[in-house]
Each structure stands twice: as structure tokens, then as C-alpha cells.
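Please read the structure below before turning to the comments.
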Amino acid sequence: MDTFEEAFEYDSMDHSQVNEVFCNDFFAARSLTDGVQILDVGTGTAQIPIEICKRNPNLKITAIDLAESMLELGNKNIKSSGLQASITLAKVDSKKMPYPDESFDQVISNSIIHHIPNPLECFKEMIRVTKKGGLLFVRDLLRPLLENELLAIVKMHASDATPKQKQLFTDSLHASLSLGEVREMVKLFGFDASTVVQSSNRHWTFTAKKS
């Protein structure tokens, strides 16, 4: 989503329920004693960091994206929320992060993996910058096995969306990974396949502590 039009359409979609569930599940997965330094990979327009820091403004989130149009809207959203002290945006390639090894207490990501041609590179980097014992919490769209299932999901979750928004959602589902594909990827980094689960009719979630 490199154009401002696409970023605007994305930001205008109602992600509130999905973002609320993501944040609920993230807070359930982390411990109260965990550190406060969080990296959000593929932040888009920073909706999830804003929701997280509304719940706990003591957390410090570095939120990265490669699309300038997304970051531009993200900055506006952060200023509107008054959370500039809690959230820092940066234009960063998730496949080549500039951060040292084990820089963050938790690394989170929502719906970025399907945008990356070689997602293994992104997984490798997310794991690299997570501290030992730190939480990895990654969620993305799940590719339906059949085309009619995909169309049913679009109808169910985007019935009130604009034609452009419906097309963006459809394209994202086509580009997403299957549960088996994600499980095979995390196994390459030493994680058990059970750390990846289907968390809704259209999402998979990877939840694990780095050993």
C-alpha cells in the first residue's frame, strides 16, 4: 500500500473490532513483569500501537513501516491521540532492521506477513531483535482453501466497505499464507508447530517466547 489513496482507504476501514481482539490477546499473552520496549512490525497507520498505549501509556512502542503514506497518516493519528511520548514511528524495512540483536522485550505484528514476498526474512529479523525470553506475537490473514470460502469471508467482514476496500481485502486474502505454511516457517527457527494456531475464521496467530 504505497499510495496515499490505498493508505487512506485502509485507515478509513473499520478495524476497531479486529484491533481490540488483537490487543486483548496480546495483553493476555504478555506478563505484567515483561519489559516495556515493544516493536510493532508493519504498523500501517499506527492504529494498534495507539490502542495498546491507551490501555498502558507506560509502554514504549517503536512502530515501523516501509510505506511513507501509511506513516504520514500514522503520525496524524498519534498526534490526535496525544500519545507522541509513547509511540515512535520509523520508516524501516522489516527484512533488514537497523536494530541490534535482542533490542526489544516484545515484538508484535498484525497483517504484514502477506505483504512480504519472502516472509522468512521478516520472521528471521523479528526473532533476531527479540530479547531472550521475550514475547513474539504475530497475527495475519489466513488464506482460505477454496475461492467460494474467500468470497464468503469478504462478504461477511466487508459488506459495508467501499469497492476499493473490498478489493484490498480480497487481494490480501489471496496473498496470505495457509496454517501449514506458517507452521513450517516457524519450525525452521526452532519453534514448535503448535505455536501457530487458527485464531479466527480469517486469521492465524504465532505466539511464542524466544528461548
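Bear in mind that the values in this text are calculations on the coordinates, not laboratory data. This one's a predicted model, so the numbers in the text were calculated from it and none came from an experiment. No Cβ is skipped: glycine too gets one built from the backbone with ideal geometry, and neighbour counts run over all protein chains shown.
Laid out as a table, the results:
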{"read-out": "In nm, spacing of pseudo-spin labels at LYS91 and GLU149 (7 Å Cα→C-beta vector)", "value": "3.9 nm"}
{"read-out": "Spatial extent of the range 123-199: Rg and Dmax, with the Cα atoms as the point set, Å", "value": "15.3, 44"}
{"read-out": "About the Cα centre, charge dipole magnitude for the range 24-110 (Lys/Arg +1, Asp/Glu -1 at Cβ), debye", "value": "260 debye"}
{"read-out": "Alpha-carbon Rg with Dmax, taken over the range 63-106, Å", "value": "11.7, 33"}
{"read-out": "Spherically averaged projected area in nm², based on the convex hull that wraps the Cα atoms of the chain", "value": "10.8 nm²"}
{"read-out": "Net lengthening on full extension, SER31/MET156 (0.36 nm per residue, minus Cα-Cα)", "value": "41.6 nm"}
{"read-out": "Most positive-pole-ward Cα, SER81, TYR99, LEU71, against dipole of the range 41-196 from beta carbon charges", "value": "SER81"}
{"read-out": "Estimated FRET transfer efficiency (ASN201, ASN118; beta-carbon r; R0 25 Å; 0.05)", "value": "0.40"}
{"read-out": "D_trans [Stokes-Einstein, Kirkwood Rh over alpha-carbon pairs] for the range 20-66, 37 °C, 0.692 mPa s, µm² s⁻¹", "value": "298 µm²/s"}
{"read-out": "Calculated FRET value between SER80 and GLN17, using beta carbons and R₀ = 22 Å, to 0.05", "value": "0.60"}
